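Each value in this text was obtained by applying a stated rule to the coordinates, not by laboratory testing. Here the structure is a predicted model, which means the values were calculated and not measured. Here the Cβ is made from the backbone with ideal geometry for all residues, glycine too, and neighbour counts use every protein chain on show.
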Amino acid sequence: MRLRVGLIGLGEHWQSRYRPALRVLDDRFDVRAVYSTISKLAESTAEEFQADPIDGYRSLVYRCDIDAVLILKQCWLGWLPAMAACQAGKAVYWGAGLDFDPQGQQSVRKTIEQSGVAFMAELPRRFAPATLRLKELIATRLGAPRLIRVHRQAIAADSSTHLGPGACRTDDSELVELVDWCRYIVGRSPTAVSSVCEEDLFQSLILNYGKADQNRRRSAIAEIATDSTLPAQWKEAASFRSPAAMKVQCENGVAFIDLPNTLVWFDDAGRHVESLETECPVGERMLRQFHRSVTSLVLDLNGLVDAYEAASVVQAARQSHETGCRVDLAENR
């Protein structure tokens, strides 16, 4: 089945992720309309895909020749395009970031769930070839994760961005995705969170995972560590000899991930280096999954539920910073 789709917002990943994927998946997606706050970009994209440039997102979602919408950029409109699409009965691919309030926006989640439409929240780290290969190794060779360390490079902002006591300046959308990435690797939800924040930025966010079942009594711990020592004008230095994006110590070995395609792992047999350059790109994997979700008879909102859960963990981490205590997540669910 070929889905007739409309694009709402194009964003920074349009050229590198979505445009190539839509070209490859031409047998699954037919771009019919494009809306962007940058009219020239909408016009050029519409011309490329032989689609119609649209002046407003509501006009796009209510078109009779649209089955689904791809919302690819975060902007001042917030959740409005997604809500309009749900009301119009159109499936939604949400690629506009996960920077939202999980408590204050419960009504958004409820509206999506009650609409009955397919809704996929974008979690690209899950679909990276290195992540998927690591999940295979955990199941077959390495065993259950015990200790995870995620390295996050942040460029220090100038002093004028100081937010005052008790505030944590960070890219919440990225942090939510990192929390979800750890949960995906471990295979279960964290039970507690604690955090350390200095100069308005999370320096360390520690996730505790309880005992999974009687056969796996040991718990797991994940730390998301932020390196913010570099000044804003040294952006190039941030990517020079950085640690691996994720280090995972398992029962029978250890693995190092550099997204999206590099995985190095060690077990009793020694070192194994895997370069997954020939694997399907992340954007193509995610759009394939979205197409499968829309055309399936089974409604799957796990991505939305997981995104809300990860956002709740980040919110609890702020509470941990403010109180100086570890927060039990079971009490917040």
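For the chain, the relative contact order is 20 percent, taking Cα pairs closer than 8 Å that sit 6 or more residues apart in sequence and dividing their mean separation by the residue count. Three semi-axes describe the equivalent ellipsoid of the chain; taken as square roots of 5 times the Cα gyration tensor eigenvalues and ordered largest first, they are 34, 24, 21 Å.
Charge dipole of the range 62-112 (Cα centre as origin; +1 on each Lys and Arg Cβ, -1 on each Asp and Glu Cβ, all else neutral): 80 debye, rounded to the nearest 20.
Given the rule -39500 (n - 2.57) for each run of at least 4 DSSP H residues, summed and divided by the residues of the chain, what is its mean residue ellipticity at 222 nm, to the nearest 500 deg cm²/dmol?
Values: 10 runs with 103 residues, N = 333.
Theoretical 222 nm ellipticity from helices: -9000 deg cm²/dmol.
Each principal axis of the Cα cloud of the range 281-333 was evaluated for its coordinate range; sorted largest first, these ranges are 46, 25, 10 Å. Counted by neighbouring Cβ atoms within 10 Å, the residues Asp306, Asp99 run from fewest to most as Asp99, Asp306. Over the range 1-93, the reciprocal of the mean inverse Cα-Cα separation, the Kirkwood hydrodynamic radius, stands at 12.9 Å.
Please tell me the relative contact order of the range 7-58 in percent, rounded to the nearest whole number, where contacts are Cα pairs under 8 Å and at least six residues apart.
On the way: 50 pairs, mean separation 18.4, N = 52.
Relative contact order of the range 7-58: 35 percent.
Between helix 302-323 and the chain there is an angle of about 50 degrees, using the helix long axis and the longest principal axis of the Cα atoms. Each Lys and Arg adds +1 at its Cβ and each Asp and Glu adds -1 at its Cβ; summed about the Cα centre, the chain shows a dipole of about 820 debye. For helix 39-48, what angle does its Cα long axis make with the longest principal axis of the chain, in degrees from 0 to 90 and rounded to 10? Computed tilt is about 80 degrees. Based on every Cα atom in the range 241-302, Rg and the maximum pairwise Cα distance Dmax equal 16.2, 47 Å.
Summing charges over neighbours of Ser275, with a neighbour being any other residue whose Cβ is under 12 Å away from its Cβ, gives -3 when K and R count +1 and D and E count -1. Between 0 and 90 degrees, the angle of helix 106-115 with respect to the longest Cα principal axis of the chain falls at about 50 degrees.
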